[in-house]
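The values are calculated or read from the model by the stated rules, or taken from the named source; none is laboratory data. From a predicted model like this one, the values you see are computed outputs, not experimental measurements. As a convention, Cβ positions derive from the backbone with ideal geometry for all residues, glycine included, and neighbour counts pool all protein chains shown. In case anyone asks, the SASA skips ligands and DNA or RNA and just uses the protein heavy atoms, side chains included. Shrake-Rupley method; radii C 1.70, N 1.55, O 1.52, S 1.80 Å.
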Amino acid sequence: MLNPFDIIIFGGGGDLALRKLLPAMYRAYQEGNLPQGTRILPSVRSVEQRDEYIETAHTALKEHLGQGEYNNKDWQAFANYLVPVVINVTEADEHWDELKTILSEHDEDKSRVFYLSLPPAVYGTCCEILSTKGLITDTSRVVVEKPIGYCGDSAEQINGKIAQYFSEEQVFRIDHYLGKETVQNLMALRFSNSVFENLWDAKTIDNIQISISETVGLETRAGFYDKAGALRDMIQNHLLQLLCLVAMESPHKLNANSIRTEKLKVLEALRPLVAEQVDDNIVRGQYVPGDLGGKIVPGYLEELADGPSNTETFVAIRAHIDNWRWAGVPFYLRTGKRMKKRCAEIVVEYKPVSHNVYDDSVGSIQPNRLVIRLQPEESIQLTLMSKRLDNLEMQLEPVTLNIELSESYGSGFHSDAYKRLMLDAAANNPALFIHRDEVRQAWQWIDPIIERWQEKGAPALYRAGTWGPVDADELLAETNHRWFNTGEGA
């Protein structure tokens, strides 16, 4: 049973807090996972914002909760958990003393979770003030959002600054994809089912694709995104973390240290891409105006409205893991904005049967395929070859075994990665968070790619509402593969 805790959300009036963090805590309350005595302390910049915060939170929940989740009775009870505070995260003024007084009202043994929903550039300053004001206790944790830095050196500087005030065991680097139930189910599928674990290596798997596609453009993130781009924003954290979970060896135990050790081995085994290897194995793109869902949407430069830019909004990578399990198996990573559909999925394509006993008249035999879909719906699909039952002749066709998790667990099932991760931080369970060594190793792989792009070339253009540049299709065609695009078959 989780003990009462205080969670201080720095940046409590920001988009992430209102759109994701508060709904996550509301769901935790509805499920009985917020113990009595727990407090949620969102920080805002002014007294006026503090006085209006309860109504701001009320509006945000009604807007961002799913259908049927909001009800006034639960809201009235949940509102009692909210204690908005005024904080300037870069200046140690009197408001920090007020925060200290509020936190000191309860037992000092009560866990404090400091959630930094802030730009990474101010992480160090905020942690320094927490230390100066004596707010860090032995049971305190700090949760930091990605991306941590813009390169390996800046990430080390940020992590080094945090480490001056918090031990590594107290630092919870969050990647919300790791909190998705289907991602957790990936480990359950692999490590508790012999039918998968015995067929999870280069002898049986032909290729693996990990894709995260978005239909949105820049929205409110233009300034940040043009400095980051898809490689830093998505590949360096989300996709590499998913790659680790797909490719890692079975951990000795399902605890944080064992899981992190195996993930780190995958990152260390990633074949480096440098100089011409970047050109041969990576495609970067940038969207131009196009038809998305029957509506013409502007291109990246039009949305940016800030002159020319070579920032990539699409990346496709052919990667290899040089170890005994995965030698020779290509891993294809793909992410992009203004794509045809919004989806996040892992596709495991198996090798063809070694000997085909059927002649061509039965139809083409397609490889077996396991599709783990993370969003928008969460599902697991396994495609097999089967005889057509409506035909007396021997005709084969692919059929799909489909597990829709929302249907399996009823209409009340709401998978919420942030809820899971925030409660794990409160419970001091770091298994789904990222160790500093993982951040360092990921940047070591990413930095040479960035350096090559700074030296040479510009992104290929693709129309909004498509699956990205033609070059990305050609990248897979070089090895006789093709992208699996959700809703369109192989």
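The table that follows gives values for the structure above.
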{"read-out": "Pick from segment 296-314, criterion free of Cβ contacts under 8 Å to residues at least 60 places away in the same chain and either open to solvent by less than 80 Å² (accessible area, probe 1.4 Å) or not in a loop (DSSP other than H, G, I, E, B) (or both), ranking: farthest from N281 (Cα to Cα)", "value": "I296"}
{"read-out": "Check on V274, farther than 18 Å from E438 by Cβ, in a strand (DSSP E or B) and either of a type outside the set (D, E, K, R) or open to solvent by 40 Å² or more (accessible area, probe 1.4 Å) (or both)", "value": "no"}
{"read-out": "In segment 1-43, the residues that are basic (K, R) and either surrounded by 21 or more Cβ atoms within 10 Å (Cβ to Cβ) or over 21 Å from E69 (Cβ atoms) (or both)", "value": "R27, R39"}
{"read-out": "Flag for G124 being closer than 30 Å to N159 by Cα, open to solvent by less than 70 Å² (accessible area, probe 1.4 Å), part of a helix (DSSP H, G or I) and not aromatic (F, W, Y)", "value": "yes"}
{"read-out": "Single residue of I259, I317, I346 found to be assigned to a helix (DSSP H, G or I), in contact (Cβ under 8 Å) with a residue 12 or more places away in the chain and either open to solvent by 10 Å² or more (accessible area, probe 1.4 Å) or closer than 25 Å to V183 by Cβ (or both)", "value": "I259"}
{"read-out": "Test: residue in segment 224-242 that is over 30 Å from V353 (Cβ atoms), among the polar types (S, T, N, Q) and open to solvent by 40 Å² or more (accessible area, probe 1.4 Å)", "value": "no"}
{"read-out": "Boolean, I158 is part of a helix (DSSP H, G or I), closer than 22 Å to N429 by Cβ and touching a Gly at 6+ places or on another chain (Cβ under 8 Å)", "value": "no"}
{"read-out": "Of all residues making up segment 172-203, the number that are farther than 12 Å from L242 by Cβ and in contact with a strand residue (DSSP E or B) (Cβ under 6 Å, 6 or more places away or on another chain)", "value": "3"}
{"read-out": "Some residue of segment 80-88 being modelled with pLDDT under 95, at positive phi, in a loop (DSSP other than H, G, I, E, B) and not acidic (D, E)", "value": "no"}
{"read-out": "Of all residues in segment 392-415 being at pLDDT 70 or above and touching an Asp or Glu at 6+ places or on another chain (Cβ under 9 Å), the one that is surrounded by the most Cβ atoms within 10 Å (Cβ to Cβ)", "value": "L405"}
{"read-out": "Search result, residues across segment 438-488 that are closer than 20 Å to L292 by Cα, aliphatic (A, V, I, L, M) and open to solvent by less than 30 Å² (accessible area, probe 1.4 Å)", "value": "A460, A464, A472"}
{"read-out": "Residue among H238, H252 that is at pLDDT below 95 and in contact with an Asp or Glu (Cβ under 7 Å, 6 or more places away or on another chain)", "value": "H238"}
{"read-out": "Breaking point among (1) free of Cβ contacts under 8 Å to residues at least 40 places away in the same chain; (2) within 27 Å of R436 (Cβ to Cβ), for V362", "value": "(2)"}
